[in-house]
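Working notes, beginning with the structure itself.
The values are calculated or read from the model by the stated rules, or taken from the named source; none is laboratory data. What you see is a predicted model; the values in this text were computed from it and never measured. Here Cβ is always computed from backbone atoms with ideal geometry, including for glycine, and neighbour counts include all displayed protein chains. For the accessible areas, the whole protein counts, side chains as well, though only heavy atoms, and no ligand, DNA or RNA atoms are used. Shrake-Rupley method; radii C 1.70, N 1.55, O 1.52, S 1.80 Å.
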Amino acid sequence: MEPVKGRDPYLRELLRFALCCRALTLLLQANLGPPFFFQALFNLLIPDHVADAFSPPRLAEPGVCDLLLERLLGGLSRWDAEHFLFIAERGYVYEHNFAFFPAFPLCVRAAAEVALWPLQRLLRLRSRLLLSAALLNSLFSVLAAAALYKLGCAALRCRRVAFLAALLFCVSPANVFMAAAYSESMFAFLAFSAMWHLEKGQSWRSGLLFSLASAVRANGLVNAGFFAYSRCKCFALQLQVGPGLARKLPPFWRQLLSLASSVILMCAGISLPFVLFQCYAHMRFCAPGTGLSQGIPKPLLQLALDKGYRLAAVDGLKPPWCSQRFPVIYSYIQEAYWNVGFLRYFELRQVPNFLLALPVVLLGSWAAWTYLTANPRHCLTLGLERRKNEEEQGEGKPGTEFCCPAVFVYVVHATVLLLFGVFCMHVQVLTRFLGSSTPILYWFSAHLLQEHEPLLWSEGTDKETRALLSEKSVLGNSLAGSYEKGISENPLVRLLRNYRLNTPVTKCILGYFLSYWLLGLILHCNFFPWT
């Protein structure tokens with residue numbers, strides 16, 4: 001990996017670009033200012049979908065500043081964002097609110113009460129919560145981009161590809177959900193940071209971040225596999241050392257005991273927030289005398305009657321999941337309220353949603369197939385076989401970039417999430433589900449750009465490459481040189497400026513990322529059912 005003296009110029013450019021992308025997203029979704037014409041056009045072409053989504057009544061009369069903020073940031077409070085904002089304001093009132101984990105609403109409420117406290121005379125609590133969510137997600141998305149860059153540098157051992165992947169994250173197809181009052185940005189920041197610390201060998205810090213991530217989203221539980229694999233790999237490699245080194249190691253039984261205890265302890269710690277949250281739900285709904293309906297405002301009680309929402313232990317009636325052997329409210333809500341389950345979404349009427357998710361399915365499948373065909377033996381041995389030249393491989397050799405051995409566990413993680421999303425989830429959420437959970441989509445896209453786009457080749461080793469650079473653009477050589485330095489040139493911006501000169505692969509990747517960014521803004525902010 002290229003040495004960087006002093007402050008990392010790649011990271012500085014990444015942070016600047018991430019802030020610009022976040023500001024542009026907020027500007028485009030606003031219902032006031034220059035984008036108003038486009039919003040009006042979108043509202044005319046695609047009217048607001050009449051959805052049976054969660055929409056609690058506003059109990060306080062909004063003021064002038066509240067109405068202005070709603071016009072500015074109202075597009076960020078659609079669909080699931082209503083749940084997060086309601087939980088941050090009122091807590092867990094209805095049963096189906098427990099499908100949304102507490103870490104993000106707690107952060108939003110804390111920021112609204114502390115950081116935005118001077119605005120309490122101008123804005124109602126609901127407006128401060130919306131503003132708090134927008135500011136927090138802007139911060140979390142920028143930090144997530146930086147964490148993804150650091151993770152890429154550690155795992156890929158190629159700073160250029162890591163930088164390009166982090167730039168692609170800034171224009172992610174799930175960009176609108178990174179800006180809206182969803183938990184995706186916070187989860188991506190915690191998950192990528194935890195993976196980065198694990199790559200550096202900081203197991204306990206990584207475990208803490210993974211544990212916090214499982215308090216943000218349920219799929220954070222799957223991240224326990226990273227730690228388990230890391231420990232199992234170290235154990236397997238120790239068993240393959242030579243006789244001389246083997247004598248210096250502890251006895252086999254002690255190594256095995258250390259492995260089992262560390263994996264069990266860390267996995268239990270990562271799962272702890274999820275377990276505590278389920279216990280809290282059980283106390284609210286299943287324990288006798290815990291009903292809180294008397295303290296709930298009448299409009300919210302009326303909403304429960306109108307929509308059939310279940311309140312906590314009203315009149316001693318307990319929901320059916322309380323009598324299950326393992327009373328887990330999360331899985332019950334997914335099945336009872338949203339019909340989530342194996343193959344339940346495979347219906348003819350859902351074909352448009354499957355088409356909407358097709359690009360991310362193809363990209364994820366292509367990434368897994370590319371890695372498998374490049375490293376068949378490594379995949380068959382689950383990466384547990386010691387490689388003789390593993391420590392000697394440097395940048396530009398087979399041990400670096402996307403197909404390097406360190407990427408194996410991330411490919412497995414992404415493939416598991418992809419298969420689960422396709423067969424067991426509402427497939428239209430797959431883009432944001434994968435876009436905030438795995439670095440593979442960005443690493444593989446950066447790998448394809450690096451492999452197929454001559455404008456990104458920093459070292460032209462033959463005359464044909466140099467000729468192609470000069471034919472494509474007079475700026476080709478200057479782009480390559482500046483990309484090599486990583487100071488004054490943003491490779492993604494240059495690719496966009498020279499879009500007509502790009503290769504078909506580059507056009508497909510950039511077209512997918514940018515079109516879904518804009519499509520998300522149009523559909524989500526116009527209350528269209530794709531989230």
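At least 2 residues that are at pLDDT below 85, over 26 Å from residue 427 (Cα atoms) and open to solvent by 30 Å² or more (accessible area, probe 1.4 Å) in each: list the helices (runs of 4 or more DSSP H) lying fully within the range 466-531 that qualify. Passing ranges, in order: 476-485.
The number of residues in the range 321-340 that are part of a loop (DSSP other than H, G, I, E, B) and closer than 16 Å to residue 428 by Cβ comes to 2.
Would you point out which residue out of 88, 111 is in a helix (DSSP H, G or I), hydrophobic (A, V, I, L, M, F, W, C), surrounded by 22 or more Cβ atoms within 10 Å (Cβ to Cβ) and out of contact with any strand residue (DSSP E or B) (no Cβ under 8 Å at 6 or more places or on another chain)?
88
Residues in the range 419-434: is at least one open to solvent by 10 Å² or more (accessible area, probe 1.4 Å) and not in a helix (DSSP H, G or I)? Yes, the conditions are met somewhere in the range 419-434. Going by what's in this entry, would residue 41 be described as at pLDDT below 90, surrounded by fewer than 20 Cβ atoms within 10 Å (Cβ to Cβ) and either touching a Cys at 6+ places or on another chain (Cβ under 9 Å) or assigned to a helix (DSSP H, G or I) (or both)? It is true that residue 41 is at pLDDT below 90, surrounded by fewer than 20 Cβ atoms within 10 Å (Cβ to Cβ) and either touching a Cys at 6+ places or on another chain (Cβ under 9 Å) or assigned to a helix (DSSP H, G or I) (or both).
Restricting attention to the range 46-61, and to residues there that are open to solvent by 60 Å² or more (accessible area, probe 1.4 Å) and at pLDDT 55 or above, which single residue is nearest to residue 298 (Cα to Cα)? It would help to see each step written out before you state the result.
Looking only at the range 46-61, we keep the residues that are open to solvent by 60 Å² or more (accessible area, probe 1.4 Å), and these are 47-50, 52, 55, 58-59, 61.
From the residues that got through so far, the ones that are at pLDDT 55 or above too are 52, 55, 58-59, 61.
Working: 52: 21, 55: 15, 58: 12, 59: 10, 61: 16 Å.
The extreme case among them is 59.
Contact map, the range 194-219: residues that are free of Cβ contacts under 8 Å to residues at least 12 places away in the same chain paired with residues that are assigned to a helix (DSSP H, G or I), Cβ distance under 7 Å, separation 6+ or inter-chain. Pairs shown: 205/197.
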